[in-house]
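> This is the structure, below, for whatever I ask next.
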Amino acid sequence: MDNQPLRSPSLRFGQVVIGPPGSGKTTYCRGMQEFLGHLGRKVVVINMDPANEGLPYPCAVDISELVTLDDVMEGLKLGPNGGLLYCMEYLEANLDWLETKLEKYSDSYFLFDCPGQVELYTHQNSVKNVFAQLAKWNFRLTAVHLVDSHYCADPAKFISVLCTSLSTMLHVELPQVNVLSKMDLIEQYGKLAFNLDFYTEVMDLTYLLDHLAADPFFRKFLKLNEKLADVIQDYSLVSFVPLNVEEKESMTQVLRTVDKANGYCFGDLEERNLQAMMSAAVGADFQFNSYPFLSVDLLNVYIFARPHYRSRPRRVNVL
């Protein structure tokens, strides 16, 4: 009898891309797949949306092989919302199918393109349970929650987006990066009441309430809006990263935030950029020029002196 301990599966990193319908989840997955490919990461996309047809990216695993929304709606006489809830419950009941499919890509980085029904991430537990099972299979995931940036142009809608984002963060129970998508189109929605930083950092919402109070329709809901704003600020969890999938700098910023959230930047699956790791550690863009004592030679001596690196030497990039 073999008494050797069972070897735990290797860590697998990835993103679960969630958000309301039309927020750009599939476009984000396509853009991020191409972006990561240029960086040298081996990436696969997993389509978790049974209503997603005509995928614009090569798909490694497609839930439509297990269940489709059209079949559920026709067979069980359900509407689109009820049908989507059933599909996710069906996936939860057939996790062995998903595990078998994912085992083929143990050395890859994963992008999970998820359905767009908000209730799945704020009330219903099937998707949450699927994510929890992925964690048991040694997946280290970050929830990338996409929100259309046009909500910034309407104070009432922006408060509702903040509530939805907060509720999702508390329910899904994953490290979460909230993203304002379609930033290249934001000017088409009208002039913002404040600078973009006000919305991305979710600053003092009392200024936003003043704008709502100026509207006769929302004036009668002032106390309700004040209480909602208090809840959001008391938790102090929600912030946003702006995203334009057509811009390299924007994609880089989102990826850095995601890699910090799930711990990918601290791993050893690929050659790491030391500046990126230091930035993640201190929570800001780390500038080596501000610390002249951290010279390239000193850093090389420190890193290559470690036994782990002596057996596997590699070049260190210091920007």
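> Return the only residue of Leu243, Leu192, Leu208 being in contact (Cβ under 8 Å) with a residue 12 or more places away in the chain, touching a strand residue (DSSP E or B) at 6+ places or on another chain (Cβ under 6 Å), under 30 Å from Thr27 (Cβ atoms) and not aromatic (Phe, Trp, Tyr).
When all the criteria are applied, what remains is Leu243.
> Leu66: open to solvent by 70 Å² or more (accessible area, probe 1.4 Å) and in contact with a Phe, Trp or Tyr (Cβ under 7 Å, 6 or more places away or on another chain), yes or no?
no
> Kindly indicate whether Val43 is closer than 18 Å to Leu111 by Cβ, touching a Gly at 6+ places or on another chain (Cβ under 7 Å), touching a residue at least 12 places away in the same chain (Cβ under 8 Å) and surrounded by 18 or more Cβ atoms within 10 Å (Cβ to Cβ).
yes
> With respect to Phe221, determine if the residue is open to solvent by 60 Å² or more (accessible area, probe 1.4 Å) and among the hydrophobic types (A, V, I, L, M, F, W, C).
Yes; evaluated as a whole, the condition is true for this residue.
> Checking Leu55 against (1) more than 19 Å from the chain's Cα centre (by Cα); (2) in a strand (DSSP E or B): exactly one of these is not met. Which one?
The number of the failed condition is (2).
> If you don't mind, another one. Please give the helices (runs of 4 or more DSSP H) falling wholly within the stretch 138-227 in which 1 or more residues are under 30 Å from Ser10 (Cα atoms).
By residue number, 155-172.
> Give the residue that is farthest from Ala143 (Cα to Cα), with candidates limited to residues of the stretch 20-51 that are of a type in the set (Val, Ile, Thr) and assigned to a helix (DSSP H, G or I).
Thr27
> So, one more: Output the number of residues of the stretch 112-137 satisfying the condition of being open to solvent by 10 Å² or more (accessible area, probe 1.4 Å), hydrophobic (A, V, I, L, M, F, W, C) and not in a loop (DSSP other than H, G, I, E, B).
2
The values are calculated or read from the model by the stated rules, or taken from the named source; none is laboratory data. Bear in mind the structure is a predicted one, so any value in this text is a computation, not a measurement. Every residue, glycine among them, receives a Cβ derived from its backbone with ideal geometry; neighbour counts consider all protein chains shown. For the accessible areas, the whole protein counts, side chains as well, though only heavy atoms, and no ligand, DNA or RNA atoms are used. Shrake-Rupley method; radii C 1.70, N 1.55, O 1.52, S 1.80 Å.
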